[in-house]
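The structure under discussion appears below in the form of structure tokens.
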Amino acid sequence: MKLDLTIPSLGPCHVDSPLKLSKQKGISTFNYSDDTQKILYDTSLKNFEACLAKGEAPLAFEKAGPREKIYFDPSKTKAAIVTCGGLCPGINNVIRGLVMGLYYRYGVNNTIGIKYGYEGFIPSFGHPFVELTPRNVADIHKSGGTILGSSRGKQNVSEVVDTLDRHNINILFAIGGDGTLRGVQAIVEEIERRGLKIAVAGIPKTIDNDINFIEKSFGFETAFTTANPIIRDAHNEAKGAYNGIAIVKLMGRDSGFIAVNAALSMPDVNFVIIPEMDFELEGENGLLAAIQRRLAKTKHALVVVAEGAGQFLFNNELGTDASGNIKYHDIGIFLKDKIVEHFKKQNMPATVKYIDPSYIIRSAPANASDSVFCGKLALNAVHGAMAGKTGFVVGRWNNQFIHLPIPVAVKERMKIDLQGELWWNVLEATGQPMEMKS
């Protein structure tokens, strides 16, 4: 695999870090990181031996963490934070972590919040900036959503950079998903074109957990944890009726990670339908026949479907949203109607219940595990930006925090491998057929 994993930098670092970490190397000592420290993409012995035989260095990411020398003088640094795209558990935790890290770890006492996504940079929208201090972000992690508001859609990159320059902002932290990060890259390129010394760091936010080379995005764990009791209750609904069928639609536009992990966490699910899979509704081996066979044995069935699944079943397109994403048909309602229609044709009684908890899930506060993760992501983003790194996202790979170039992160979406262990776990847990097509 050939990838350029070089992280852009604003220039040499000459300012001593205020962190005052121990320089003594030791197993239990937390030390400064440096750009030579790498985290392997593939940790298998087989890959290492193959690289050794070819005389090649294995693919590796730059390790995140505090640097002994930093680029920005904290006393003269002004930072800004913006949140974009759909809501996700943990956004407020990340905002809080950024503000606290800047203030208490580095002594940066000038941080502002940009309201309503990239719109907040455009003067014509009239959204005021928000002063962010340790005092006014102290309790925001207890609430879901984002205190800064959000929006979708592209804005004029030149105007965004004009605002950064006009307000003497040195560092921009952008919290968002694929579209937000593409916007970050465009901002970085415009900053470079103008020769400005502004660092831009991304914190990847996607409830779908589908950002490339990021093993877990914040909010994902809260999402499928919140879905867990909903699936439990849906199962109770299905069991409570003769030939009861419950359908739960969860988020997942292009990747089915929420649906899969929610189903594995509550293994009463009988069918999991995700965007990565091909299937048929009709026919002896189709989904409808599989559900009918299930009812013949147990008199109830529980289906979990990701929102982006089965779009090939529709014969028209709905255009795109403000972010340029293709609008998807409602597969949940479609499946409900098709199941009802099927059993009527079979003259077979069936009770179908449909549940869509999507907006409840994405607006939930972060759970304990995600809260810890958000704080670590935020602090590592601060470390990287203060060292003058730009055009990067901070993430985790092989249980280590890394810097990832934005072009690599947005090159393609991470998807479930239908030949991999995770999907095999689903097949084992649900007992659904390996394929539902002729």
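Yes or no, residue by residue, for (1) of a type in the set (Gly, Ala, Ser); (2) touching a Ser or Thr at 6+ places or on another chain (Cβ under 9 Å); (3) modelled with pLDDT of 95 or more:
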residue	(1), (2), (3)
Thr146	no, yes, yes
His167	no, no, yes
Gly176	yes, yes, no
Leu196	no, no, yes
Pro204	no, yes, no
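Considering the stretch 255-295, the residues that are surrounded by 17 or more Cβ atoms within 10 Å (Cβ to Cβ), in contact (Cβ under 8 Å) with a residue 40 or more places away in the chain and more than 34 Å from the chain's Cα centre (by Cα) include one that is farthest from His235 (Cα to Cα), namely Gln292. Screening Ala364, Ala368 for residues that are free of Cβ contacts under 8 Å to residues at least 24 places away in the same chain and of a type in the set (A, V, I, L, M, F, W, C) leaves exactly one candidate, Ala368. Within the stretch 420-428, the presence of a residue that is acidic (Asp, Glu), in contact (Cβ under 8 Å) with a residue 12 or more places away in the chain and either more than 26 Å from Val372 (Cα to Cα) or loosely packed, with under 15 Cβ neighbours inside 10 Å (or both) is excluded. Residue count for the stretch 101-135 under the criterion of being free of Cβ contacts under 8 Å to residues at least 60 places away in the same chain, farther than 20 Å from Ser158 by Cβ and not in a loop (DSSP other than H, G, I, E, B): the result is 10.
If you go through the stretch 110-118 one residue at a time, do you hit one that is of a type in the set (Phe, Trp, Tyr) and more than 25 Å from Asn31 (Cα to Cα)? Checked the stretch 110-118: at least one residue is of a type in the set (Phe, Trp, Tyr) and more than 25 Å from Asn31 (Cα to Cα). Identify the residue in the stretch 136-160 that is of a type in the set (Ser, Thr, Tyr) and part of a loop (DSSP other than H, G, I, E, B) and, among all such residues, is farthest from the chain's Cα centre (by Cα). Restricting to residues being of a type in the set (Ser, Thr, Tyr) and part of a loop (DSSP other than H, G, I, E, B), the top hit is Ser143. Would you confirm, using the coordinates I've provided, whether Thr111 is modelled with pLDDT of 95 or more, assigned by TED's automatic domain parsing to the domain that holds Ile147, more than 21 Å from the chain's Cα centre (by Cα) and surrounded by fewer than 18 Cβ atoms within 10 Å (Cβ to Cβ)? It is false that Thr111 is modelled with pLDDT of 95 or more, assigned by TED's automatic domain parsing to the domain that holds Ile147, more than 21 Å from the chain's Cα centre (by Cα) and surrounded by fewer than 18 Cβ atoms within 10 Å (Cβ to Cβ). Select from the stretch 296-324 the residues that are of a type outside the set (Gly, Ala, Ser) and crowded, with 16+ Cβ neighbours inside 10 Å and write down the one among them that is farthest from Met277 (Cα to Cα). Going through the qualifying residues, I end up with His300. With respect to (1) of a type in the set (Val, Ile, Thr); (2) under 22 Å from the mean Cα position of the chain (by Cα); (3) surrounded by fewer than 19 Cβ atoms within 10 Å (Cβ to Cβ), the lone exception for Ile7 is condition (3).
For residues that are among the acidic types (Asp, Glu) and under 29 Å from Asn380 (Cβ atoms), scanning just the stretch 215-254, find the one that is surrounded by the most Cβ atoms within 10 Å (Cβ to Cβ). The residue in question is Asp254. Selection over the stretch 138-160 of residues that are in contact with a Lys or Arg (Cβ under 7 Å, 6 or more places away or on another chain) and crowded, with 23+ Cβ neighbours inside 10 Å gives a count of 1. Any residue that is over 18 Å from the mean Cα position of the chain (by Cα) and under 18 Å from Met386 (Cβ atoms) - is there at least one of those in the stretch 86-95? So far as the stretch 86-95 goes, no, none of its residues is over 18 Å from the mean Cα position of the chain (by Cα) and under 18 Å from Met386 (Cβ atoms). In this entry, Ile245 is excluded by the filter for residues that are in contact with a Phe, Trp or Tyr (Cβ under 7 Å, 6 or more places away or on another chain), at pLDDT 95 or above and either closer than 19 Å to Met436 by Cα or outside any loop (DSSP other than H, G, I, E, B) (or both). Residues in the stretch 68-94 that are touching a helix residue (DSSP H, G or I) at 6+ places or on another chain (Cβ under 8 Å), within 19 Å of Leu172 (Cβ to Cβ) and surrounded by fewer than 22 Cβ atoms within 10 Å (Cβ to Cβ): Pro74 only.
The values are calculated or read from the model by the stated rules, or taken from the named source; none is laboratory data. Every value quoted in this text rests on a predicted model; they were computed, and no experiment measured them. With ideal geometry, Cβ positions are generated from the backbone for all residues, glycine too; neighbour counts draw on all protein chains shown.
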